[in-house]
Amino acid sequence: MFRRCCTALLILAACSAAEENNKDEGLVIVTTKEGTADGHDRFLRSAKAAEAEVIALPAGESADSGAQVQEVTRLRAQLEQSAVSPRRLVLVLRVPTSDVIVAAAAGELQAEFEQQKGRVVFVADVKCRPDEKLASEYPVGPGYRFLNSNAFIGYGPDLVALLSDETLLKDGGDQLAFTKLFLDEKRREKYGVRIDNAAELLQNLEGAEEEVVVRFKGRQAFLQNVPLSTVPLVALGSGASKQHLDTLGNYLAGVWDPREGCRTCWDGQKELGDKTDTFPRVLLAVFIDQPTPFLEEFFNNIWKLNYPKSKIDLLVYNAAPFHDKMAADFVEHGSGIYASVKLLGPEEKISKMAAREQTIEAGMKGKAEFFMFVDSTAHLNNPHALKLLIEQNRDIVAPMLIRPYSFWANFKIELSVDRNNPNDISSEYKTIVTNKRKGLWNMPYISECYLVKRAVLENKNTRPDFSDGKQTDVHEVFSSTMRQAGKFMLLSNRIDFGHLVDPAGFDTSRLHSEMWQIFANRWDWERRYIHENYSKALDESLPVAEPCQDVFWVPMITERFCQELIDTMEDFGQWSSGTHEDSRIEGGYESVPTRDIHMKQINFDLEWHQFLREYVQPVQKRVFMGYDSDPPQANLNFVVRYRPDEQPALQPHHDASTYTINIALNTPHKDYEGGGCRFVRQDCSVTESRRGWMLMHPGRLTHYHEGLPTTKGTRYIFVSFVDPE
């Protein structure tokens, strides 16, 4: 028993001695100011990852109790107290810690410092501060020439000696004082002062933003100064370079690695569980700032959000008279189901800026813990989007949303970049947009959809001022407020939240305006108008229906498109006479006339040619192998109307095409009786047409055909003569 007790005491003594030795070694970072909370937390996380001790310099005396103690004197006193060991490396930061990231382990910093020629090493600068006239007095050499006193590193006793310099103290210990010390060769050599000209230890990003990037070695992210071919271990940002620091901070200090992705995404996450009565209250604010295509689908997505409506206060702002009825109907439908509903319509003449301001004011009077700002261009296709964003438990978080088939997204990494120009955007932006990297990303600008905690909007420093008449971009007002306050705006692409629609050029003068959106918003156009089984026609493992020889039958467009096309033609109303004289075609003579309206007449010809290329041609390539004409051309694209008392049928004929498509726009035995198409040579008829299905057949030589009589009602078909030459 006695021997065991002695052994235990010896172990405890050894551990205590080891702890004392550890305090005399390693890396300590002495800071003079914290800066913003989010940035300071990031710094502390990076310092912890580096296994460095952080010592915050106590504040100087207040003005009421006398002159403020010089920062240099306080630094020296702190070092004498806690970091005088000759084996303890000290990094002094005279900038807000929110502007600093430690990108390497303490051991790496110590090893690199040992390779330096000086005893005290200062971070380098691209500019001579504070007096450019002193530039000529600096030694000439490669890299960054000038001293910056914002950060320096050395062993404790060497720093104490430097900070005890009488002239330095006399001059006040500012940037100019340290510059004069360095330029004085005797004093420089006395204290062993050097500048990290090659940024091997410390990297000042200001003026060097484009030179410093993140690289990966295995799973480890590191900084690289490309022109100097060095690996800086600590990054400092100031001024405009803070944005670049934020970008680098998305990866450094173990935040992200190629295998696991985002390693800090789970930090602070709060699962809501299944007890919906405990869910936080949310003010869900919808903003219709302009006429927006596919608003019907937008509202459907809002309604389908998997979050208790009794916990949602709904506010809808609509500045577009075109959407009056739809917005009012949605609010009315939600009345009594949502916790509260409110509609701000065009008649109230409220600007989009004022609408945001009123939204915040209304929320502050209520019980909302979160504010969800959603523009009508932001489609939350994922019904769990709101719940997942709240569970992320961040002050500000935006779901990543993109315009399909493009790189346009609801964020910017670089404020000056034109998101419309693929050549102008960075490779990093592309890797995030394409989900090659997933995580939570600190961004300088977010738009169209974001979730904000109440505390952010309650704080006068982070509450956006939408009354500023100089700014027209509401999202820049929000984002610039957060940037200036140092508030992190996080973008999540951890899951697919939804997408954006492009409202530019949306023409609301048409009866069914979304029909013309095949170029601007193809993804939404497909889901509204392309048949749900269209993809089966392209599946090589499935047969294509062939009711007659070389006549193929595939599902193509939705019933909604069929009806909207009929409505559009009837609204246009200028049906041809059905005679041989036809001024719409070259030569003015139609050999096989029908009662029809051409797509050109309703300004839909470009859109229809896009339809032919994107959806018809893939089917043609499958069923008529070996024929490839890209893009397909069709001079005659038209809707035909058959009626017993008008034109019930069509005589046998060949089509002036390589192949013809014929799409049924309504349903036999429901909308009409009779009708159909008979292929004379094949002695085969297709009479049981399917609405939205396309017949595809050769136009010349082999498929002489006729339109069978419509005996009752009205039959509509759409016809294209593809590749007439």
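The values are calculated or read from the model by the stated rules, or taken from the named source; none is laboratory data. The model shown is predicted, which means the values in this text are computed figures rather than measured ones. Every residue, glycine among them, receives a Cβ derived from its backbone with ideal geometry; neighbour counts consider all protein chains shown. Quick note on the areas: whole protein, heavy atoms, side chains included, nothing else; ligands and nucleic acids left out. Shrake-Rupley method; radii C 1.70, N 1.55, O 1.52, S 1.80 Å.
Please pick out the residue among Ala103, Ala77, Ala59, Ala83 that is open to solvent by less than 30 Å² (accessible area, probe 1.4 Å) and modelled with pLDDT under 95. Even if it seems obvious, please write down each step before you answer.
Details: Ala103 fails: modelled with pLDDT under 95; Ala77 fails: open to solvent by less than 30 Å² (accessible area, probe 1.4 Å); Ala59 fails: open to solvent by less than 30 Å² (accessible area, probe 1.4 Å).
Result: Ala83 is the single residue among Ala103, Ala77, Ala59, Ala83 that is open to solvent by less than 30 Å² (accessible area, probe 1.4 Å) and modelled with pLDDT under 95.
Given the options Thr594, Thr568, name the one that is more than 49 Å from the chain's Cα centre (by Cα), closer than 23 Å to Thr667 by Cα and open to solvent by less than 20 Å² (accessible area, probe 1.4 Å).
Values: Thr568 fails: more than 49 Å from the chain's Cα centre (by Cα).
Criteria check complete, one pass: Thr594.
Report yes if Leu665 is in contact with a Cys (Cβ under 8 Å, 6 or more places away or on another chain) and open to solvent by 10 Å² or more (accessible area, probe 1.4 Å), otherwise no. Steps first, answer last, please.
Working: in contact with a Cys (Cβ under 8 Å, 6 or more places away or on another chain): yes; open to solvent by 10 Å² or more (accessible area, probe 1.4 Å): no.
So Leu665 does not fit the description; no.
State all residues of the stretch 597-614 that are open to solvent by less than 10 Å² (accessible area, probe 1.4 Å) and in contact (Cβ under 8 Å) with a residue 60 or more places away in the chain; if no residue qualifies, say none. So that I can check it myself, show each step before the final result.
Taking the stretch 597-614 first, the residues open to solvent by less than 10 Å² (accessible area, probe 1.4 Å) are 597, 599, 604, 608, 611-612.
If the condition is that a residue be open to solvent by less than 10 Å² (accessible area, probe 1.4 Å) and in contact (Cβ under 8 Å) with a residue 60 or more places away in the chain, then Phe604, Trp608, Phe611, Leu612 are the ones that fit.
Taking the stretch 265-304 as the search range and keeping residues that are hydroxyl-bearing (Ser, Thr, Tyr) and open to solvent by 10 Å² or more (accessible area, probe 1.4 Å), which one is nearest to Thr508 (Cα to Cα)? Please lay out each step first, then the result.
Applying the first criterion (hydroxyl-bearing (Ser, Thr, Tyr)) to the stretch 265-304 yields 276, 278, 292.
From the residues that got through so far, the ones that are open to solvent by 10 Å² or more (accessible area, probe 1.4 Å) too are 276, 278.
On the way: Thr276: 41, Thr278: 43 Å.
Among them, the one singled out is Thr276.
Among (1) crowded, with 19+ Cβ neighbours inside 10 Å; (2) closer than 21 Å to His512 by Cβ, where does Gly573 come up short?
In the conditions (1) crowded, with 19+ Cβ neighbours inside 10 Å; (2) closer than 21 Å to His512 by Cβ, Gly573 misses (1) alone.
Here is a list: Ala327, Ala319. Which entry is open to solvent by 10 Å² or more (accessible area, probe 1.4 Å), at pLDDT 95 or above, of a type in the set (Gly, Ala, Ser) and within 25 Å of Gly505 (Cα to Cα)?
Details: Ala327 fails: open to solvent by 10 Å² or more (accessible area, probe 1.4 Å).
Result of the check over Ala327, Ala319: Ala319.
Tally the residues that are in a loop (DSSP other than H, G, I, E, B) and either over 21 Å from Lys217 (Cβ atoms) or polar (S, T, N, Q) (or both), restricting the search to the stretch 97-131.
Adding up the residues that qualify gives 10.
Which of the residues that make up the stretch 108-117 are in contact with a strand residue (DSSP E or B) (Cβ under 9 Å, 6 or more places away or on another chain) and at pLDDT 95 or above? Steps first, please.
First, the residues of the stretch 108-117 that are in contact with a strand residue (DSSP E or B) (Cβ under 9 Å, 6 or more places away or on another chain): 109-110, 113, 116-117.
Passing the criteria: Leu109, Gln110, Phe113.
Hey, does the stretch 308-315 have a residue that's in contact with a helix residue (DSSP H, G or I) (Cβ under 6 Å, 6 or more places away or on another chain), more than 28 Å from Glu514 (Cβ to Cβ) and open to solvent by 10 Å² or more (accessible area, probe 1.4 Å)?
yes
What is the number of the single condition among (1) of a type outside the set (Ser, Thr, Tyr); (2) in contact with a strand residue (DSSP E or B) (Cβ under 6 Å, 6 or more places away or on another chain); (3) modelled with pLDDT of 95 or more that Cys262 does not meet?
(3)
Restricting attention to the stretch 478-498, and to residues there that are in a helix (DSSP H, G or I) and in contact with a strand residue (DSSP E or B) (Cβ under 6 Å, 6 or more places away or on another chain), which single residue is farthest from Leu401 (Cα to Cα)? Full working, then the answer.
Pass one, the stretch 478-498, residues in a helix (DSSP H, G or I): 478-485.
If we keep only those that are in contact with a strand residue (DSSP E or B) (Cβ under 6 Å, 6 or more places away or on another chain) too, we end up with 479, 482.
Values: Ser479: 17, Met482: 20 Å.
Once the filter is applied, the top-ranked residue is Met482.
If the Cβ limit is 6 Å and pairs must be 6+ apart or interchain, which residue in the stretch 382-398 that is under 22 Å from Pro444 (Cα atoms) and part of a loop (DSSP other than H, G, I, E, B) pairs with which residue that is among the charged types (D, E, K, R) and open to solvent by 10 Å² or more (accessible area, probe 1.4 Å)?
Listed by first residue and then by second, the contacts come to Asn393/Lys270; Asp395/Lys453.
May I ask you to say which residue of Asn410, Asn393 is open to solvent by 20 Å² or more (accessible area, probe 1.4 Å) and among the polar types (S, T, N, Q)? Please lay out each step first, then the result.
Values: Asn410 fails: open to solvent by 20 Å² or more (accessible area, probe 1.4 Å).
Criteria check complete, one pass: Asn393.
For the stretch 156-260, which strands (runs of 3 or more DSSP E) that fit wholly inside it have 2 or more residues that are open to solvent by 30 Å² or more (accessible area, probe 1.4 Å)?
Numbers: elements: 193-196, 202-204, 212-217, 220-225, 234-236.
So the answer is 212-217, 220-225.
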